[in-house]
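A short worksheet on the structure shown next.
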Amino acid sequence: MHAKFKINLEHTINSGQVFLWNKIEEEWIGVNGQEIIVAQQDSQIISSSGKEGYFFREDDNMEKILSRIRKDKIVNSAIMHFPGLRLIRQDAFQCYISFICSSNASIRNIKLMLTNICKKFGEKTEFNKHECFTFPTPEKLATASIKQLLDCRLGFRAKYVRDAAKMVDTGRLDLESLKKMDYQSSLEKLRTVYGIGNKIADCILLFSLDKLDAFPIDRWSQRILLKYYSKIFNDVNEKPLTEKKYEELHKEIVNYFGPYAGYAQQFLFKMERELNEKNWL
DNA sequence: TCATCACCTGGAGA
DNA sequence: ATCTCCAGGTGAT
């Protein structure tokens with residue numbers, strides 16, 4: 001890989017994509033499904049699964065991607081301020097459950113819920129002198145009762161998670177097969193899950209199912225569009241997006257930023273949150 | 001199709 | 001101390 005496009009772990013992990021990561025001294029330790037990943041800046045990234053170069057999308061052609069999304073001085077500024085920021089290719093089931101939990105919750109709270117889920121349903125594992133719990137498999141999480149999920153502090157999301165885990169466990173939803181489908185078809189399939197709307201579907205598609213044209217429009221994205229792009233996109237305002245508005249806006253966005261629009265979202269999101277001094281993990 | 005509203009919970013700010 | 005408000009939304013009316 002060209003040194004110019006070296007991954008910056010700090011920027012990447014602290015960008016709202018992942019929740020089960022902790023920094024201990026100079027090392028980052030993260031849970032990704034049944035694997036544990038240990039990474040240190042400017043050092044080798046190791047995984048308990050032995051799979052390399054996958055999680056941080058080291059196969060992405062960043063020169064090409066950045067040149068395609070650099071449409072204006074706003075994205076350009078975000079790219080310049082956060083070099084080495086990458087999208088992450090997460091374990092699909094963990095990503096799916098994580099973003100279902102993200103509904104109307106702060107990052108800190110999401111992390112707490114997911115940590116509780118791992119402690120209750122995951123496997124205690126040791127890797128590279130670090131001990132932690134893996135994320136439960138669909139089979140394991142599908143056995144969870146509502147009460148157990150409430151004990152994990154999921155609140156009203158407990159029923160969503162229970163249904164979602166059962167969808168995967170029973171084979172009614174095959175996350176791996178969504179990777180091979182196009183954006184629209186996989187989006188529609190995800191949206192059939194109780195608890196998944198457009199925004200959460202876009203997060204799952206972008207962060208785990210290789211749909212780089214997914215552009216999650218959350219409160220922050222909306223603020224960004226209103227602040228910097230109100231001249232470019234039609235009818236952006238601060239009001240909550242209806243399903244139809246969301247879809248129309250998404251089309252306009254992909255039309256403008258292109259097939260790697262999701263990368264543009266990640267840079268813009270990171271920049272605006274930092275500008276407002278919001279906390280990460 | 002659209003506008004409201006309730007929803008668990010933890011943390012920040014008044 | 002106690003209260004209010006909000007956080008990377010979604011589903012039901």
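Remarks
- Members of region A:151-166 that are open to solvent by 30 Å² or more (accessible area, probe 1.4 Å) and either in contact with a Phe, Trp or Tyr (Cβ under 9 Å, 6 or more places away or on another chain) or within 16 Å of DNA strand C (Cβ to nearest atom) (or both): A:153, A:155, A:156, A:159, A:160, A:162, A:163, A:166
- Residues in region A:73-105 that are without any contact (Cβ under 8 Å) to a residue 60 or more places away in the chain and more than 16 Å from DNA strand B (Cβ to nearest atom): A:73, A:76, A:80.
- Residue check for residue A:158: in contact with a Cys (Cβ under 9 Å, 6 or more places away or on another chain) and part of a loop (DSSP other than H, G, I, E, B): no
- Top-ranked residue in region A:8-53 [being of a type in the set (Asp, Glu) and assigned to a strand (DSSP E or B); ranked as least open to solvent (accessible area, probe 1.4 Å)]: A:35
- Helices (runs of 4 or more DSSP H) contained entirely in region A:75-150, each with at least 2 residues that are within 16 Å of DNA strand C (Cβ to nearest atom): A:92-101, A:107-121
- Subset tally (residues that are away from DNA strand C (no atom under 12 Å from the Cβ) and assigned to a helix (DSSP H, G or I)) for region A:252-266: 9
- Among the candidates A:60, A:91, the residue that is open to solvent by 20 Å² or more (accessible area, probe 1.4 Å) and in contact with a strand residue (DSSP E or B) (Cβ under 7 Å, 6 or more places away or on another chain) is uniquely A:91.
- Filter pass, residue A:218 being within 16 Å of DNA strand B (Cβ to nearest atom), at negative phi and not hydrophobic (A, V, I, L, M, F, W, C): yes
- Summed over region A:170-228, the residues that are surrounded by 15 or more Cβ atoms within 10 Å (Cβ to Cβ), part of a loop (DSSP other than H, G, I, E, B) and of a type in the set (S, T, N, Q) give a count of 0.
- First in region A:202-221 and within 7 Å of residue A:262 (Cβ to Cβ) and touching a residue at least 12 places away in the same chain (Cβ under 8 Å), second anywhere and outside any helix (DSSP H, G or I) and not small (Gly, Ala, Ser), Cβ under 6 Å, 6 or more apart: A:212/A:260; A:213/A:259
- One residue alone among A:108, A:70, A:86 is among the charged types (D, E, K, R) and touching a Ser or Thr at 6+ places or on another chain (Cβ under 7 Å), and that residue is A:86.
- Checking residue A:266 against (1) within 14 Å of the chain's Cα centre (by Cα); (2) at positive phi; (3) not aromatic (Phe, Trp, Tyr), the condition it does not meet: (2)
- Pair list, Cβ under 8 Å, 6 or more apart: region A:231-251 residue within 13 Å of DNA strand C (Cβ to nearest atom) and of a type outside the set (A, V, I, L, M, F, W, C), other residue open to solvent by less than 60 Å² (accessible area, probe 1.4 Å) and part of a loop (DSSP other than H, G, I, E, B): A:243/A:197; A:246/A:217; A:250/A:215; A:250/A:217
- Sub-9 Å Cβ pairs linking a first residue in region A:106-135 that is over 19 Å from residue A:15 (Cβ atoms) and open to solvent by 90 Å² or more (accessible area, probe 1.4 Å) to a second residue that is more than 16 Å from DNA strand B (Cβ to nearest atom) and among the basic types (Lys, Arg), at least 6 apart or interchain, are A:123/A:140; A:131/A:124, ordered by first then second residue.
- Some residue of region A:215-230 being within 11 Å of DNA strand C (Cβ to nearest atom), of a type in the set (Val, Ile, Thr) and either at pLDDT 95 or above or in contact with an Asp or Glu (Cβ under 7 Å, 6 or more places away or on another chain) (or both): yes
The values are calculated or read from the model by the stated rules, or taken from the named source; none is laboratory data. None of the values given here were measured: they were computed from a predicted structure. Don't worry about glycine lacking a Cβ; one is built from the backbone with ideal geometry, like all the others, and counts go over all protein chains shown. SASA here: full protein model, heavy atoms, side chains in, ligands and nucleic acids out. Shrake-Rupley method; radii C 1.70, N 1.55, O 1.52, S 1.80 Å.
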